[in-house]
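Novice: What follows is a structure written as structure tokens; I'll ask about it next.
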Amino acid sequence: MTEQSLQGSSSTQIKSNSKGGFPLAAVERIRGAQILNRYAIYAIYVAIAAFIIFGTIASLKAYRDSDMLYRLFYYLPYVLVGLTVPITLYDAFIILRYQLNQPSMVAISIGLALIITVVSLLFSLSGWLWLGIAAWMGAAFLFSANFKRFFKFMDEQASSDTPASSSTHSPNSAN
């Protein structure tokens, strides 16, 4: 075999095992992280809805003395957003691993959320805990935008790799 045929077969093999320059396994891992991030965002939406619904019900005159409604209004959103923290950390790892965003952006979003949450928990600053929770929510939405941008890029790469569509005119056709 000649050197050219070896190079041609290896580039074909690399192209078939990659998508947009990323290995297929990496693309699947990033897709899985995007799905997990979507679940985290749904949990955040449920937390916001629970805060609004139970807060409204707890403010009604008939339910002002209900300890259960107050606990649902106060703690359920914290618990729901708290459940998204491991997912957000995994998403941050995937984003850093495959360099889907600048490391400083990921460090600021995760670091700020972590610092605010830990400080407010350590020093019993319950009035500040909402700020840490809001930072975790923001990180989840930031990572969602990163995943959308990555897959938009992948779709653009895939469309540029395909042959020209029939709507474009070839240079040999008469206009």
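What follows is calculated from the coordinates using simple rules that are stated; it is not laboratory data. For clarity, every value in this text was computed on a predicted model and none was experimentally measured. Positions of Cβ are backbone-derived with ideal geometry, glycine not excepted, and every protein chain shown enters the neighbour counts.
Novice: Given a Förster distance of 41 Å, report the FRET efficiency between TYR98 and ILE57 from their Cβ-Cβ distance, rounded to the nearest 0.05.
Specialist: For R0 = 41 Å, the calculated efficiency reads 0.40.
Novice: Which residues does the label zone of MET68 cover in segment 16-57, counting backbone N under 20 Å from a point 7 Å along Cα→Cβ?
Specialist: Under 20 Å, as judged by backbone N against the label point of MET68, lie 50-57 of segment 16-57.
Novice: Here's something else I'd like to know. Give me the one-decimal nm value for the distance between modelled label points at LEU121 and LEU83, 7 Å along each residue's Cα-to-Cβ direction.
Specialist: 1.7 nm
Novice: Can I ask one more? Provide the FRET efficiency to the nearest 0.05 for the LEU131-ALA49 pair, computing r from the beta carbons and using R0 = 25 Å.
Specialist: 0.75
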